[in-house]
Amino acid sequence: MKVVFLDRDGVINEFPGNGNYVTKLKEFHFIPGALEALHLLTENDYTIFVISNQAGVGKGVYTKQKLNQITRHMLGAVKKTGGRIKRVFYCTHRSDHGCDCRKPGIGLVRRALELMNKSIRSAQRAFFIGDTEVDILAGHNAGCKTIFVLSGREDRRHMRGWTVKPDFIAQNLLEAAQIIGQNHLT
């Protein structure tokens, strides 16, 4: 099973800044190399899922329709450049909602695996790529190998206080894709 779970903001597209959200198409900008990375992972037969917290919807900052419009734009650009994202899963709940789908919970990872008729035990052969401690915790909680990318919200200084460290560190998604190619879990 070759599966990669990706966070969105700070991994695929530029992080909008603390407390900010990507609320419009004109605010969504791919990180250099991200489209190439998605193409590379697709070419190497990885199934790609996006797992992203988007609490701005639950807070009323932007609508689910705007989020869907941004997602369609992202998926179209990925497809046009030879990549394929199987499915995008968002937790649109506020952090105080108490759901299991908000990272570091693994509800969305579980749903993605169910699409493939796999159990959560299968995640130990998957990779989870993110730009925050919450992403690394989600990947760890699901049993995935984790890759922390330095292209988003947090950097190496933040890692000092983390209780769970990533398995790998990459500059960006393209470097993470190369790490995956070198460390494929059979």
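The values are calculated or read from the model by the stated rules, or taken from the named source; none is laboratory data. Values in this document were obtained by computation on a predicted structure and should not be read as measured data. All Cβ positions, even for glycine, are placed from backbone atoms using ideal geometry, and neighbour counts span all protein chains on display.
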May I ask you to list the residues in region 29-57 that are surrounded by 19 or more Cβ atoms within 10 Å (Cβ to Cβ), more than 24 Å from ARG111 (Cβ to Cβ) and under 15 Å from the mean Cα position of the chain (by Cα)? ILE31, LEU35
Kindly check whether there is at least one residue in region 61-81 that is touching a His at 6+ places or on another chain (Cβ under 9 Å) and without any contact (Cβ under 8 Å) to a residue 60 or more places away in the chain. yes
Looking at (1) farther than 22 Å from SER151 by Cβ; (2) out of contact with any strand residue (DSSP E or B) (no Cβ under 9 Å at 6 or more places or on another chain), can you tell me which one HIS93 breaks? (2)
Among the residues of region 24-43, which ones are in a loop (DSSP other than H, G, I, E, B) and either out of contact with any helix residue (DSSP H, G or I) (no Cβ under 8 Å at 6 or more places or on another chain) or at pLDDT 95 or above (or both)? PHE28, HIS29, ILE31, PRO32, GLY33
Residue hits (region 1-23; more than 20 Å from PRO104 (Cα to Cα), of a type in the set (D, E, K, R) and modelled with pLDDT of 95 or more) are GLU14
From LYS26, LYS86, LYS64, LYS103, which residue is surrounded by fewer than 18 Cβ atoms within 10 Å (Cβ to Cβ) and under 14 Å from the mean Cα position of the chain (by Cα)? LYS86
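Suppose we keep only residues that are part of a loop (DSSP other than H, G, I, E, B) and free of Cβ contacts under 8 Å to residues at least 12 places away in the same chain within region 120-162. Which one would you say is nearest to the chain's Cα centre (by Cα)?
In this case the residue turns out to be ASP155.
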Residues of region 127-186 being of a type in the set (Asp, Glu), surrounded by fewer than 18 Cβ atoms within 10 Å (Cβ to Cβ) and under 20 Å from VAL109 (Cβ atoms), in sequence order, are ASP167
